[in-house]
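Data block below; observations after.
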Amino acid sequence: MIMSHSVRVFPTREALAQNFANILFKDLDRLEPDHYYTIALSGGSTPEYIFRHISENYADKTGWDKLLVFWGDERCVAPDDAESNYRMAHDSLLQNVPIPDANVFRIRGEVDPAAEVLQYSGLVTDMIPLFNGTPQFDVMLLGLGDDGHIASIFPDRPDLFTTSRLFDVAIQPGSGQKRITATGRLINNSSRIFYIVTGKKKAKIVSEIIEKKTESEAYPASKIAPVSGQVVWMLDSEAAALLTTL
Ligand code: 6PG
């Protein structure tokens, strides 16, 4: 299957959230019996609005029990910390919808990062069907940092796209905060990658990466090219404002 890129622009975050939820539930409706749908969530602030919209408007849908929830990265903090990606998803989505706790596999940011990298890599390898010998998520959600980082792969770590590891410890350059992140091997093995990017602050980096402007090569996001899958950019009109090739 050839890799495909699509860019979808929505007038509002609400319209983006609705469209993403419809894609998700259409897939859940089509799921074979005894099959699960595996998704790795992104962190940061952008998904919170999307998750909250979904939990306020789709909680009564069927299929939540077919979803297995993982994370693409986590901050090395306790699960009740304001910085925790798990906490954000729990408060804005997971506690508000009928998804069994047994279907939620958080990265434990509160334990020794190197030990958690091994533990979580093992869990993902056991739980997620393999494609080409590597776990393949049905969906990987990604946000986009102003510096072109994705998950917690920052521009100073190109090695995270060549390593055979599935997860690794990273450091957020500005704050020095420790992170646990999926690597390029795992992210690029996903069936579908959804970028969810909103707001005018992101317009410049979005246009640099989507339109492959010269300075974009160094950005981790420019190395996202799933081996057999799709990349779908879900943008609001503000984040898409500088795109010239639509
Ligand atoms: C994280 C994320 C990270 C995030 C970007 C964008 O843990 O911070 O996974 O990759 O998606 O930093 O963050 P905002 O949505 O807050 O702009």
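Data table
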| item | result |
| --- | --- |
| Residue satisfying all of: in segment 173-225; within 16 Å of the ligand (Cβ to nearest atom) and of a type in the set (D, E, K, R); nearest to THR134 (Cα to Cα) among these | LYS223 |
| Sole residue being modelled with pLDDT of 95 or more, hydrophobic (A, V, I, L, M, F, W, C) and within 13 Å of the ligand (Cβ to nearest atom), chosen from ILE50, ILE23 | ILE50 |
| Pick from segment 65-104, criterion buried (at least 21 other Cβ atoms within 10 Å of the Cβ) and assigned to a loop (DSSP other than H, G, I, E, B), ranking: farthest from the ligand (Cβ to nearest atom) | LEU93 |
| Segment 125-149, residues that are out of contact with any Ser or Thr (no Cβ under 8 Å at 6 or more places or on another chain), closer than 28 Å to PRO173 by Cβ and either within 16 Å of the ligand (Cβ to nearest atom) or assigned to a loop (DSSP other than H, G, I, E, B) (or both) | LEU144, GLY145, ASP146, ASP147, HIS149 |
| Only one of GLU56, GLU110, GLU32 that is out of contact with any helix residue (DSSP H, G or I) (no Cβ under 8 Å at 6 or more places or on another chain) and more than 30 Å from GLN177 (Cβ to Cβ) | GLU32 |
| Selection count, segment 1-52, where residues are closer than 17 Å to LEU235 by Cβ and either among the polar types (S, T, N, Q) or not in a helix (DSSP H, G or I) (or both) | 16 |
| Condition check for TYR37: touching a residue at least 40 places away in the same chain (Cβ under 8 Å), of a type in the set (Ser, Thr, Tyr), closer than 21 Å to PRO100 by Cα and more than 16 Å from the ligand (Cβ to nearest atom) | yes |
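The values are calculated or read from the model by the stated rules, or taken from the named source; none is laboratory data. Keep in mind it's a predicted model, so treat the numbers as computed, not measured. Here the Cβ is made from the backbone with ideal geometry for all residues, glycine too, and neighbour counts use every protein chain on show.
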